[in-house]
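The values are calculated or read from the model by the stated rules, or taken from the named source; none is laboratory data. This is a predicted model, so every value here is computed, not measured. Note that we place each Cβ from the backbone using ideal geometry, even for glycine, and neighbour counts take in every protein chain shown. The protein model used for the area step is the full one, side chains on, heavy atoms only, and it has no ligands, DNA or RNA in it. Shrake-Rupley method; radii C 1.70, N 1.55, O 1.52, S 1.80 Å.
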Amino acid sequence: MKIAMVAWATAASLLLMSTGLAAQKKKQAPFTKDNTNAMDDLTADEKKGVRIADEVTANDIEEKRFNISGFVDFQYQNALYNDSRNIATTYMKKNKHFSLNNLNLYFKFMIDPGWDVFNEIRFMFAPTGIKTAKATQNASGLILNIKMSPFENSGYDNQVVAFRYGSISIERSYIEWNHFGFFQVRGGQFFTPVGIWSQDHGAPVVTSIRVPVTSNNVLPAIGMPVSQTGLELFGKVNAGGMVQIDYAAYVSNGQSIAQSVDDEADGSWAVGAFLNMKMSWSRVDWNIGGSGYRGRRSDIYSEYSIPMYLITSGGSLDLMPYALKQLDEYNHYQLDYFACAHMKLTFTGLPGNSAITLQGEYIHQWVNELNAGKLRSSLTLPIRALRYMADTLYGQIEWNFLGIVTPYFRFEYMVHGNRHVQYQMLYNSMKYYLGGLNIKITPRVVFKAEFGYADLGTSKNIALIPDLSGVFTGSAVALPFRRDNDFKIIQASISAAF
Amino acid sequence: MKLIKLALLASLALSLALTGGTAQTNAEDDVVPIIHPSQPALTPVQVKWIFLGDMTYWPGGGQIRVLINNDTEAYENFTRKYLGVSARQTDTQWVYRQIRDGLVQPRKVSSVVIKMMVSRSKIFIGFIRRSQLDKTVKVAL
């Protein structure tokens, strides 16, 4: 009995000992350079990986020198508004429809250490169909009316973009020197560094389908360019290990490359700067900063034989730039300014593995028109100098669960004053309420559904119509009706990054 | 009887001494960020920013090349501990960086490859299990 007990105890001890030794053997020091015997313990894949790693020298940059990526965005939209004369008809179709909003490709070339070339190309087309130009003429041959569809369907960024024949838009294209993180230089076309959303580019990464009003050109005449062609200095500076300063300063033509020809005509420049302070402290990530811009640009305005804008029998205003006899042309200069403040707070580590993000931007934009000069002789008077401005802001809250599901809500506000005589805005202010759900099916595939309500108010303000001589003297005609410009939008989209 | 008790106690003590290494092994299972020995140490916030793509350059200059461990358990443990988010959220963040800034996605390779690449070039940063540490690399923090 005693012998059996001792034998049992010994066997149990040996069993436990062997288990512990086996566990330790499994956690033995892995393969090292000098420990060639450990190669026998590696799998076939790991041996292959060792051979790959052996090829990497201290000076090699183990990266793909040429990289293609991009994103695509497919959307369903249903705009709802009661009044057929609603100004929303200018920007979107009332009927339900699908659209392929974006197909953007990125081409990145790492040509040499510290030198990159980056291009982003957007393929554009009119998914709602292209209206062919159709003219109506009177007996004298004077063209009375032309119906056209000049606008590309708005994509995820709500840009009302002039239709570009050839269906290619160069979003970004630059050469970049980036050896140092704290000081980098890029030359070419780049996004205007302002706020948060202007650079949070791409449907798969933007929380909502619609981009806030602060990221768009509020009015055609107020020139905050989405992108610019010029030279940009930028970088990130680490300050104290918990704080990072992002900065950018640039000089450019001001407007996008499509309009750079006009700017080149008068040699004007635009300058701007951006600053952001990023901090991480106690499960709160902060981003606070501001940006500013000053640019001068020139435009050419044409004077026609009869008023450019006519009220049709349907009560809408039709723009007819091509149907009239041109009397004169004016060089028109203006100074564009904007100042922006932005903030983004993210509270991480919340219950349910969730995070809450609060963010907002405020942009004040204003324009000073300079003297206009006639390009040709004319009996008409020059355009008066005006000053006008716009304020836009938004506040957004989103709650992310498990990194997958994110409900969000956003409020946007825009107000502008002193409407330009040549740009007919039928509302002075806009409020936009937006709520939706963002679901990351995978890290690269995102489904979004949202409902938006825009309160443009009624058209209690007058429209500015030129007099019969075609001069925009600021005379006004009260609209014979009031419009209900509120509308609702239901949208759903799937976007994918590749 | 006393002899039996002593034998039992001795056997158990010896077994515990060895199997108690399992507790140490758990600690060695912990994942740690590693850098080249010549690189200066980083702060926890800097490690977080690097692996989320917010910081792409070493304080002393030169681009950072991030390596992700293809051990899914290690990846999840690392992101939870050092980044405060899940591995999936980290992958999403890199997609965000790709589209916003044109950053190339980090490679996903094995611990062996990570250690080899980090030891050979100071541009790399990765993470491995603590038990895999040796003198060719050092913990980033």
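With 30 Å as the limit, write out which pairs from A:Lys236/B:Lys122; A:Lys108/A:Lys431; A:Lys344/A:Lys440; A:Lys278/A:Lys488 have Cα-Cα distances beyond it, or answer none.
A:Lys108/A:Lys431; A:Lys278/A:Lys488
Could you put A:Ile397, A:Ile404 in order of accessible surface area, largest first, with the 1.4 Å probe and the full protein assembly present?
From most accessible down to least: A:Ile397, A:Ile404.
Hey, if we sort A:Met110, A:Met277 by accessible area with the 1.4 Å probe, largest down, what's the order?
In descending accessible area the options line up as A:Met277, A:Met110.
Would you kindly find the accessible area of A:Lys488, with a 1.4 Å probe and non-protein molecules such as ligands, DNA and RNA excluded, rounding to the nearest 10 Å²?
80
How charged is the neighbourhood of A:Thr348? Take every other residue with its Cβ under 15 Å from the Cβ of A:Thr348, and add Lys/Arg as +1 and Asp/Glu as -1.
Charge balance near A:Thr348 sits at +4.
With every protein chain present, what accessible area does A:Lys440 have (1.4 Å probe, heavy atoms only), rounded to the nearest 10 Å²?
Near enough 30 Å² of accessible area.
Ranked by accessible surface with a 1.4 Å probe, highest first, in what order do B:Glu76, A:Glu120 come?
Reading off the accessible areas and sorting them downward yields B:Glu76, A:Glu120.
What does the accessible area of B:Asp91 come to, in Å² to the nearest 10, when a probe of 1.4 Å is used?
Accessible area, nearest 10 Å²: 40 Å².
Multiply the residue gap between A:Ala239 and A:Trp115 by 0.36 nm, knock off their C-alpha separation, and tell me the result in nm, one decimal place.
42.1 nm
At 7 Å along Cα-to-Cβ for each site, give me the label-to-label distance between B:Gln105 and B:Thr72 in nm.
Distance between the two pseudo-spin positions: 1.6 nm.
If R0 is 25 Å, what FRET efficiency do you get for A:Trp399 and A:Ile68 from their C-beta distance, rounded to 0.05?
Calculated value: 0.15.
Total accessible area buried between chains A and B, 1.4 Å probe, in Å² to the nearest 100?
Summed over both sides, the interface buries about 5600 Å².
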